[in-house]
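Okay, structure first, notes after.
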Amino acid sequence: VQPFLGRLLTSADDRAGCGSASAVISHAFWQREFGGDPNIVGKKLTINAKPFEIVGVTAPAFFGPEVGRSYDLALPVCSQTAQGAGNPLERRDLWWLSVIGRLKPGWTMEQASAELATLSPALMKETAPSGYAQKEVEKYLQLKLGAFPWESGFSRLRTRYEQPLWTLLVIAGVVLLIACANLANLMLARASAREREIGVRLAMGATRGRLVRQLLSESMLLAFLGAALGWLLARGLSRLLLSLLNSFGSRTSAYFLDLRLDWRMLAFTLGATVLTCVLFGLAPALRGTAVSPAALLTSGRASTPGRGERFALRRILVVAQVALSFALMIGAALFGRSLDNLLNVNAGFRQEGLLLVTMDLNGANITAPRLQGFRSATLDRIRELPGVVGAADTFVIPVGGNYWRLALRVGGNEPRKSVFNWVSPGFFQTLEIPMLSGRDFSAQDSAPSPK
């Protein structure tokens, strides 16, 4: 990755205890927030009440290592200690870093994996987290590191949207088949109307191959016009699909995909165009030229050989169109019903009349012992406001898309990964979540009380 302005991060920027350090910003962030200021290098940014010096701007084509997401700022790993969340570098039970490497010349992925596998036992023994149960430690010591190809980058988009996109691709393929069957039927009808013309050309010495090539060229023209129009539609609809995905998320989790012209997609479109033309243009061309010039010129259209076969093929195409269209119609109705069910699902809490507020307390200079008292006092003040029925705070917002997993052991059973949340007293009452048994948290549920 080459810098557009200034320089990029080096090992000198990432040293233990660096605190406030250097920052590299993306080209888009530089344009959006600083108007493309050419003197941006050396200026300061305040991040969580800490100053960072901008040392460089990355090139416009670099959007970060994760496909599907863009970034604004890149900070050294050591600056985590300045983000107000403790020092995650000192925790052995927190997994938050991904390692990216480059193979040495002459090395293969298999050799790199074998080398990492030999290093794994000593490394796992050295880094085993303290406080783990014996069984968990044994599982940890059995883990092995490996090397995996990264040519196409890392992305959660594939795992999250793979099945819906395959469904969308299948639907698009069925629509393509319907359209091709329709055009093939129309071309068969057109070939039937041109039987006398084709018969005259054959009688005058034209070869059947030449007439097939002429009819295929007409099909190819239709196919390429359709491909060009489809390409323009795809570009616009892809941007619309991406904006719809982003409309359901927050700005910090927005998706980004480079939708510029790609030669591989263009080659796929051209290949699909040629294949479509050959499959659905060849049959009408062969059928249209399968005529006897003598029979046509002596007895007229009614006794043309092969006419019954052409009508049979047209009927087959019509039946296929109706069947595929019917299947699509049923599928669309089922999708619509599912969407209606999702829109009217019972979320388990009252959704009307709720106001969501997020607070950033990093710049408030509140020490950890005072933080809980500050949060409780803030909630008490909010509850006293006119029109407020209840107030509470939560770590995970209901139906917000985020979650936190911890190991949970019930009795002597094996630990299971379960989804957790941290909430304040009054949480269930505020959201009007019914309690089937027991009670909501209260002010008496404090640090000295039973867990």
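Of all the numbered requirements in (1) under 29 Å from LEU157 (Cα atoms); (2) touching a Phe, Trp or Tyr at 6+ places or on another chain (Cβ under 8 Å); (3) assigned to a strand (DSSP E or B), GLY68 misses one, and that requirement is (3). Quick check on this structure: which one of MET329, MET265 is modelled with pLDDT of 70 or more, assigned to a helix (DSSP H, G or I) and under 21 Å from the mean Cα position of the chain (by Cα)? Exactly one residue qualifies, and that residue is MET265. Assess whether PHE34 counts as being within 30 Å of the chain's Cα centre (by Cα) and of a type in the set (Phe, Trp, Tyr). The answer is yes for PHE34.
Report whether or not TYR132 is within 23 Å of GLU414 (Cβ to Cβ), touching a residue at least 24 places away in the same chain (Cβ under 8 Å) and either open to solvent by 90 Å² or more (accessible area, probe 1.4 Å) or among the hydroxyl-bearing types (Ser, Thr, Tyr) (or both). Here the answer is yes, as TYR132 does meet what is asked.
Where helices (runs of 4 or more DSSP H) fall entirely within the range 97-207, those with at least 2 residues that are modelled with pLDDT under 80 and among the small types (Gly, Ala, Ser) are at 157-193, 195-203.
Restricting attention to the range 343-388, the residues that are more than 25 Å from PRO434 (Cβ to Cβ), open to solvent by 80 Å² or more (accessible area, probe 1.4 Å) and outside any helix (DSSP H, G or I) total 7. When LEU75 is tested against the conditions (1) among the aliphatic types (A, V, I, L, M); (2) surrounded by fewer than 14 Cβ atoms within 10 Å (Cβ to Cβ); (3) farther than 24 Å from ALA407 by Cα, the lone failure is (2).
With respect to the conditions (1) without any contact (Cβ under 8 Å) to a residue 40 or more places away in the chain; (2) open to solvent by less than 80 Å² (accessible area, probe 1.4 Å), ARG210 falls short on a single one, namely (2). Criterion applied to VAL24, VAL55 was being closer than 12 Å to ASP72 by Cα, in a strand (DSSP E or B) and not small (Gly, Ala, Ser), and the one residue passing it is VAL24. Mind checking which residues of the range 389-411 are over 16 Å from VAL423 (Cα atoms) and either part of a loop (DSSP other than H, G, I, E, B) or in contact with a helix residue (DSSP H, G or I) (Cβ under 8 Å, 6 or more places away or on another chain) (or both)? Matches in the range 389-411: VAL389, GLY401, ALA407, ARG409, VAL410, GLY411.
Count of the range 419-451 residues, restricted to those that are open to solvent by 60 Å² or more (accessible area, probe 1.4 Å), in contact with a strand residue (DSSP E or B) (Cβ under 8 Å, 6 or more places away or on another chain) and not in a loop (DSSP other than H, G, I, E, B), is 2.
The values are calculated or read from the model by the stated rules, or taken from the named source; none is laboratory data. Keep in mind the model is a prediction, meaning the values are calculated, not measured. Reconstructed Cβ throughout: ideal geometry from the backbone, glycine too, with neighbour counts over all protein chains shown. When the accessible area is computed, the model is the full protein with side chains, heavy atoms only, and any ligands, DNA or RNA have been set aside. Shrake-Rupley method; radii C 1.70, N 1.55, O 1.52, S 1.80 Å.
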